[in-house]
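Please read the structure below before turning to the comments.
The values are calculated or read from the model by the stated rules, or taken from the named source; none is laboratory data. Computed from a prediction, not measured in an experiment: that's the story for all the values here. Virtual Cβ from ideal backbone geometry, glycine too; neighbours counted across all protein chains shown.
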Amino acid sequence: MIDPFHINILSILVFVIAAMGILISMNNLIKVFLCIELMFLAVSINFIAYAYAAHNIDGHVFTVFLLTVAAAESAVGLGILVFYFRRRSVISVADATVLKG
Amino acid sequence: MIELIKPILPEMILFFGACLVLLLDVFQKFVDHLMNLSSVLLVLCIVAIVLGVPDGVYYHNLCVISMFTGLFKIALLTLALFQFLATSFLMDKYALNKNEHSVMVLFLIVGACVMVSANHLMLLYVGMEIQALAAYTLVVMQRKSEYSAEAGVKYFILGSLASVLYLLGASYLYGAYNTLYLHEIITAIKAGSTLGGLGSILVVSAFLFKVGLFPFHQWVPDVYQGAPTPSTSIISTLSKVTAVAVVLKLICGLFYDNKSLDTRWIFSAIAILSMIVGAVVPIVQTHMKRFLGYSSIGHAGFMLMGIVNIHVVGVSSIIAYVLIYSLTLMMTLICLMSLKDKREPDEERNDLELSKLGGLSQVRPKHAFMLAVCFLSMAGMPPLIGFFPKLLILQYIINQGQMLLTVFAIITTVISLFYYLKIIKLMYIDMPTKQSIGISVNVNMRLLWVFIPAVIIQLLGCYIPILQTIYVQYVTPAAETLIIGTNEKIYS
Amino acid sequence: MNLEEYLPILVFVGAGVFIATVFVALAFIRGHRTVYDDKIAPYECGFDAFNTGRIRFDIRYYLVAILFVLFDLEVALLFPWAVTFLELGWSAFAGVFSFLFILLIGFIYEWKKGALEWD
């Protein structure tokens, strides 16, 4: 029998994969954005699992909102990416070293 | 109909007003008067809050109206109003669209108001995202500057990670207690559970990120430096005030009287480490806004000391601290904005180097006096208003017997006094050079309208009774609604 | 076996086929046809059909992608309402239409700003 705990482990795995992805893909901003989206999805798996186990609708509603808000957030992120590319002609986070002190 | 929307009337006014300003700007109508229209909207919103609905919960417990939310919303709106009135004629020096800037500030305040009065984890998340997206947009508003771009990328990535942390924590809280309502979680968490404890710590740490406390402080100096100064002023004050309000709400709810979860040592460690970062790192900084960013980490740590033991006195002194500190920081940044030279349309690296402040007292004596007053107030010199909240927090932690925290607080305050005095020495003793800021600037005399009230507010510290009246009548009841009234009084 | 319940679906399929046929036929009969190289290329956006996949995209594609993501995914909020809107009544209707109104303001803004122009 699958209970929320197992799905919790799945979501933690996806979350950790996404976190590792951010660390190893510092040369490409788009990959970083993909990993952040993956983190959002990992969390929404959690919500769905708990909502299903408890027969409670709130988790499903939260997931719908989470998806749309994450879309808005990634749109702003892509906008910032385009702006960054136009100024610097690179999309590597590792090159973001103008600001330091 | 009007009864239905009355509890959220302030947010409605702000939101639809912001949409109106956006459309008027894009259709090129009344372009020169739109910042005044935004200011009028802010005033209308303050009126709507003051004349608003009685305290209580609305919309099936989704939204709380209390002394606490009213105080914070009025503080946010007043800060934004101050900025609009002061900078409406300074914005032309910056290579950004000032009307879109004010629209984004209005959206940021909408998100902030939603966050302050939310009683549901999903509403809190949506408010946080509205606020954060507006803040990202404000940072990248200066289209010609690569510093702005880089600060935007850093702020976006780290901010998204913070919201993911919040969501993970919210999902654990939901899993542990099967509800998303904050007051039900607060009632249930007293029983204690591992999942719930983990969730509450994750949720709170996301907002500690927004405040810019020690383990999550890396974004603060970069964003402060890279963003155009009007945006820096908004992010460093409005976002921080909101985040402090939510942190207070969450900590007082989740960790008050919670036997199963002892968070005192965590918050003590965070406060001490933040104060150390805020005391040591600014000494070697050479850029003005970067310097202010690092010192704000120290101030945030100082504030956090008031919540180590949760008590009404501590919470109310934190509220006093964050409001007075934000006002002082905003005055400093407005002063720096008015010194900006027109010959550098986009904000390049050298624009606000500390060395350019050399001899400012001979070039621009009024600005130098204003900056000196603000810095001394941030350092906590007694005749000025900044002394008052520092005294409150120190008194509180000494009464609580937290000697270690007291020692660190006093040492770091003395070190911070050193670096603030270093800048005052730069302005008053050093000689001006050709590079000095403010030589070619054509100062508009309307600035006096800002400087005179600002100096009066700063000198209010001389007259303790009026501060005491405000503190006792407004700030302490706000803190009481947070701690005493959470479950028994409001949710019946 | 009660097949009457499936009658609306049949009507729906029929109407769909009819409307599609009418539009295609109208375009076929009334439309002007001019054939030139760019138009019959596999990708109308101007890419070579046979090339390495690792070429750089024009940054403007990302701008279109941003707008698409926004307006496409926000409709996800409409979907739960659309399946249950008879039970939810007028207050939900008003809520959804205020949401659409806000999206409309965003759309007017991006149109006037020129984000939909390619050049």
**Q.** Restricting the range B:151-161 to residues that are of a type in the set (A, V, I, L, M) and within 8 Å of chain A (Cβ to nearest Cβ), the residue that is nearest to the chain's Cα centre (by Cα)
**A.** B:Ala151
Q | Positions within the range B:2-54 being on the phi > 0 side of the Ramachandran plot and within 14 Å of chain C (Cβ to nearest Cβ), in sequence order | A | B:Gln28
Q. What single numbered condition from (1) farther than 20 Å from B:Glu129 by Cα; (2) over 11 Å from the mean Cα position of the chain (by Cα); (3) more than 9 Å from every other protein chain (Cβ to nearest Cβ) fails to hold for A:Phe85?
A. (3)
Q: For the range B:152-171, name all the residues that are of a type in the set (Phe, Trp, Tyr) and farther than 11 Å from B:Leu121 by Cβ.
A: B:Tyr155, B:Phe156
Q.
Name the residue that is surrounded by the fewest Cβ atoms within 10 Å (Cβ to Cβ), counting only residues in the range B:156-213 that are hydrophobic (A, V, I, L, M, F, W, C) and outside any helix (DSSP H, G or I).
A. B:Ala191
Q: Only residues that are in a helix (DSSP H, G or I), within 11 Å of chain B (Cβ to nearest Cβ) and not small (Gly, Ala, Ser): list them for the range A:1-34, please.
A: A:Pro4, A:Phe5, A:Ile7, A:Asn8, A:Ile12, A:Phe15, A:Ile22, A:Leu29, A:Val32, A:Phe33
Q. Before we move on, is B:Ala80 at pLDDT 90 or above, within 14 Å of another protein chain (Cβ to nearest Cβ) and surrounded by 22 or more Cβ atoms within 10 Å (Cβ to Cβ)?
A. no
Q. Do the conditions hold for B:Ile397, that is, is it within 25 Å of the chain's Cα centre (by Cα), at pLDDT 80 or above, assigned to a loop (DSSP other than H, G, I, E, B) and buried (at least 18 other Cβ atoms within 10 Å of the Cβ)?
A. no
Q. Quick one: would you say A:Asn56 is at the interface with another protein chain (Cβ under 8 Å from one of its Cβ atoms) and either at positive phi or not in a helix (DSSP H, G or I) (or both)?
A. yes
Q) Does B:Leu248 qualify as being within 29 Å of A:Asp58 (Cβ to Cβ) and either polar (S, T, N, Q) or away from chain A (no Cβ under 14 Å) (or both)? A) yes
Q.
All but one of (1) in contact (Cβ under 8 Å) with a residue 40 or more places away in the chain; (2) buried (at least 16 other Cβ atoms within 10 Å of the Cβ); (3) within 14 Å of chain C (Cβ to nearest Cβ) hold for A:Ser44; state the number of the condition that does not hold.
A. (1)
Q: Select from the range B:162-209 the residues that are in contact (Cβ under 8 Å) with a residue 60 or more places away in the chain and more than 14 Å from chain A (Cβ to nearest Cβ) and list them in ascending order.
A: B:His183, B:Ile186, B:Thr187, B:Ile189, B:Lys190, B:Ala191, B:Gly192, B:Gly197, B:Ser200, B:Ile201, B:Leu208
Q. Of everything in the range B:133-147 that's in a helix (DSSP H, G or I) and more than 8 Å from every other protein chain (Cβ to nearest Cβ), which residue is surrounded by the fewest Cβ atoms within 10 Å (Cβ to Cβ)?
A. B:Ala134
Q. Going by the conditions given, is A:Ser74 without any contact (Cβ under 8 Å) to a residue 60 or more places away in the chain, surrounded by 18 or more Cβ atoms within 10 Å (Cβ to Cβ) and more than 10 Å from chain C (Cβ to nearest Cβ)?
A. no
Q) Has the range C:89-107 got any residue that is loosely packed, with under 10 Cβ neighbours inside 10 Å and either within 14 Å of chain A (Cβ to nearest Cβ) or not hydroxyl-bearing (Ser, Thr, Tyr) (or both)? A) yes
Q: Grab the helices (runs of 4 or more DSSP H) fully contained in the range C:7-89, keeping just those with 2 or more residues being modelled with pLDDT of 85 or more and at negative phi.
A: C:7-30, C:78-88
Q) Which residues, taken from the range B:276-303, are more than 17 Å from the chain's Cα centre (by Cα) and either away from chain A (no Cβ under 11 Å) or aliphatic (A, V, I, L, M) (or both)? A) B:Ile276, B:Val277, B:Ala279, B:Val280, B:Val281, B:Ile283, B:Val284, B:Met288
Q) How many residues are in a loop (DSSP other than H, G, I, E, B), free of Cβ contacts under 8 Å to residues at least 40 places away in the same chain and either within 8 Å of chain C (Cβ to nearest Cβ) or surrounded by fewer than 18 Cβ atoms within 10 Å (Cβ to Cβ) (or both) if we restrict to the range A:88-101? A) 6
Q: Output yes when any residue across the range A:44-55 is in contact with a helix residue (DSSP H, G or I) (Cβ under 8 Å, 6 or more places away or on another chain), farther than 15 Å from B:Gly175 by Cα and of a type outside the set (Lys, Arg), and no when none is.
A: no
